[in-house]
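The values are calculated or read from the model by the stated rules, or taken from the named source; none is laboratory data. Only a predicted model underlies this, so the values are computations on that prediction, with no experimental measurement involved. Methodologically, a virtual Cβ is constructed for each residue, glycine included, from the backbone with ideal geometry; neighbour enumeration extends over all protein chains shown. The area values use the complete protein model at the heavy-atom level, side chains included, leaving out ligands, DNA and RNA. Shrake-Rupley method; radii C 1.70, N 1.55, O 1.52, S 1.80 Å.
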Number of protein chains: 2
Amino acid sequence: MPTRTSAAKSMPRSAVPKGQAALNEAWRVMHFALRAVIAGPDRILATRGLTRMHHRILFFVAHTPGMSVGELQATLDVTKQALNAPLRQLQTQSLIELAKADHDARVREIRLTESGAALEAQLTGEQQRLFADAFAKAGAQAHEGWRTVMLELAKHAGMK
Amino acid sequence: MPTRTSAAKSMPRSAVPKGQAALNEAWRVMHFALRAVIAGPDRILATRGLTRMHHRILFFVAHTPGMSVGELQATLDVTKQALNAPLRQLQTQSLIELAKADHDARVREIRLTESGAALEAQLTGEQQRLFADAFAKAGAQAHEGWRTVMLELAKHAGMK
DNA sequence: AATAATAGGTCAATGTGCTTGACCTATTAT
DNA sequence: ATAATAGGTCAAGCACATTGACCTATTATT
């Protein structure tokens, strides 16, 4: 049964909570940080009648252009029925395009259109700007600490 | 900025991404970290047929014993109808108790039962253990960096 | 060529969890 | 007496995901 955080000996004198208080704070802070990162994109999405599912599609297709519908489905871990509607809506709005693969005419390769790429960049950019600002203001050292802690946490979730 | 930068602990670390790559990684890592923190409680909740909503109720009632139904509703930002079902289920499982307030017999004050408090502690403890481990393994300095960055992010979400 | 398997699309029924809206009881305030 | 408040409940509806069945094209198998 590990173990609360060790009592700090040479302490930082900013109001860094200790022990139990630090752990209580951590979860709260993470919530608000998460909300901050999500808020911007959600607002933009909403004006187009899109949801977080559409965002996820755009995100993965942006990072793996030409991925098939089946691959996307497996990646997002949803049924094809659940994927179908948002996929069609993105097509209707000309944000993505489906084209038959030439190596196998059954599979549809998904790619972002120009405006789809623009939207994705806008959404991603909104988030990255927040991170960039936070990292810049906090300093390189803090950035590294942030990453170290996050990777420790992520370990438990089989990050791949 | 509270830059606690004694360079002592900081060493040539494993591939710390730079620039754009760092920002791409940040969001991914945060996702996995979040999943890790949520996974444990969700598993425990599921065995009792409870959901995240029940968890939220337990959490807030634990931190503000005797809060009214209306206060809880406002805190969680849901309708009373949405609150009603999980509230009754928690009562049925003897995890919470509702009692008339003596200053005003219309309001019901919500409190955790002993087993409710135990469950809440178990859920919270599961999460805190993860944070504690991560902070311990990453070191005090990383902890502070983590917190600095998170607070920077959270600023944008009006953390209160 | 015939058949089976695969990638994808679609229709339908269902479920969950939330919403709005109306209406109800107790209790307190005017 | 009457109105306002805290809470509970019934009903309808919406959003979104699910499972299941069935359909077309296309490729692989024999």
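Listing for the model above:
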| read-out | value |
| --- | --- |
| Additional length obtainable on full extension of the chain from B:LYS155 to B:GLN93, 0.36 nm per residue less Cα span | 18.5 nm |
| Exposure of B:HIS156 as accessible area (Å², to 10), given a probe of 1.4 Å and all protein chains | 100 |
| Distance cut-off 38 Å, percentage of C-alpha pairs in the protein assembly as shown lying past it | 26 |
| Accessible area buried at the B-A interface, both sides summed, 1.4 Å probe (Å², nearest 100) | 5800 |
| Cβ charges +1 (Lys, Arg) and -1 (Asp, Glu), total dipole of the protein assembly as shown, debye | 380 |
| Copy-to-copy label separations for B:PRO17, where each label sits 7 Å from Cα toward Cβ, in nm and ascending | 2.9 |
| Rounded accessible area per residue of the protein assembly as shown, 1.4 Å, Å² | 54 |
| Over the protein assembly as shown: helical MRE at 222 nm, DSSP H runs n ≥ 4 each giving -39500 (n - 2.57), nearest 500 | -21500 deg cm²/dmol |
| Partner chain coverage, peptide A:33-41 - average Cβ within 10 angstrom | 5 |
| Other-copy label distances relative to B:LEU98, 7 angstrom Cα-Cβ extension, nm | 4.8 |
| Kirkwood hydrodynamic radius (C-alpha pairs) into Stokes-Einstein, the stretch B:12-86, 4 °C and 1.567 mPa s, D in µm²/s | 85 |
| Rounded tilt (10° steps) of B:140-155 against the dominant C-alpha axis of chain B | 60 |
| Apportionment of accessible area to carbon and sulfur, chain A, percent (1.4 Å) | 54 |
| On Cα atoms only, tilt of A:19-47 relative to the major axis of chain A in degrees | 30 |
| Whole-Hz ³J(HN,Hα) from phi, Karplus 6.51 cos²θ - 1.76 cosθ + 1.60, for the stretch A:87-94, glycine and proline x | 5, 5, 5, 5, 5, 4, 7, 6 |
| Computed over chain B, Kirkwood Rh from alpha-carbon pairs, angstrom | 18.7 |
| Calculated label separations, A:ARG52, copies of the chain, 7 Å along the beta-carbon direction, nm | 0.6 |
| Charge dipole (debye, nearest 20) of chain B; +1 at Cβ of Lys and Arg, -1 at Cβ of Asp and Glu | 500 |
| Cα long-axis angle, helix B:114-138 against chain B (0 to 90 degrees, to the nearest 10) | 0 |
